[in-house]
Amino acid sequence: MKKLQGLLLGAAVLLSTVALAACGSSKTTTKSNTYQSELITKKTLTVGTEGEYKPYAYRDNGKMTGFEVELAKAIGKKLDLKVKIVPTKWDSLIAGVGSSRFDLAMDNITATAARKKQYNFSSTYVYSPYTLVTKAGSDVTASNLKGKTLAEGTGTDNEAVAKKLGAKTVPNSNFTAVVGTILNGRVDGSINSVSAWTDYKKSNSTKGLQAKQLDSSIAAPAESAALLSKKSPKLQKAVNKALAQLRKDGTLKKLSVKYLGADVTEKP
């Protein structure tokens, strides 16, 4: 009888051990299946941004701020993650996601068909109309850009729109510098986002300049979103969930009004 009890006790211990091991294995598998496993750095959301495109991301007294900087921090808070902002030149910003330097890139990036072939995108959080900035009194318009020269950031949607409308482009992504080239006559103008122009006017003189918003039939508003690696589908889903929460609780609208001058978070 004692021998039978001993055998039963041993079997019970063995079953308990197997069950505990199974639970531990299940827990580990569950954790590895979350967006946390796709992060470059544990418990940190690493965000690449140009840091020179006001009002989306820029330096104020040496500190990074702007619409997308604050939005990234708000997303990180929803995901219970630290947020690391990494200023990077535009030319290598998107490639930085592909080479695992960043978890995502946020720099008023439009989710174009070409980019979607190589990267994932979050849900759209900004619908940004374009504007054509020229010298005051200029007869340059969206309808006669063929042969004209515009200053645009290389690889940007602004450049793509300019070329689609027949313009030649020279590389320049710093908006303040672009304005200078327009005023001194080196270029005929520049296509940029309405929000960038609106922000520029807040603290700079627009004497000698004029701007006209492009009709949506000429260039539909750019739909900006966070760009992610195709290797991070779970992170994409988590970011989208966070954005939905920020939209619902009013944070997204509040940040848009604060930095972009209006609520441009809804599709027109």
Accessible-area ranking of Lys253, Lys135, Lys89, largest first, probe 1.4 Å: Lys89, Lys253, Lys135
Listed residues Met106, Met64 arranged by accessible area, highest first, probe 1.4 Å: Met64, Met106
Ellipticity estimate at 222 nm from DSSP helix runs (n ≥ 4, -39,500 (n - 2.57)) divided over the chain, nearest 500: -12500 deg cm²/dmol
Whole-Å semi-axes of the ellipsoid equivalent to the chain (Cα gyration tensor, √5λ, descending): 51, 17, 15
Accessible surface of the chain, 1.4 Å probe, proportion on carbon and sulfur as whole %: 54
Simple label model, 7 Å out from Cα along Cβ direction - Asn204 to Ser217, nm: 3.2
Accessible area in square angstrom per residue, the chain, 1.4 angstrom probe: 54
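The values are calculated or read from the model by the stated rules, or taken from the named source; none is laboratory data. All of these numbers come straight from a predicted model, not from anything done at the bench. Cβ: placed from backbone, ideal geometry, glycine included. Neighbour counts: every protein chain shown. When the accessible area is computed, the model is the full protein with side chains, heavy atoms only, and any ligands, DNA or RNA have been set aside. Shrake-Rupley method; radii C 1.70, N 1.55, O 1.52, S 1.80 Å.
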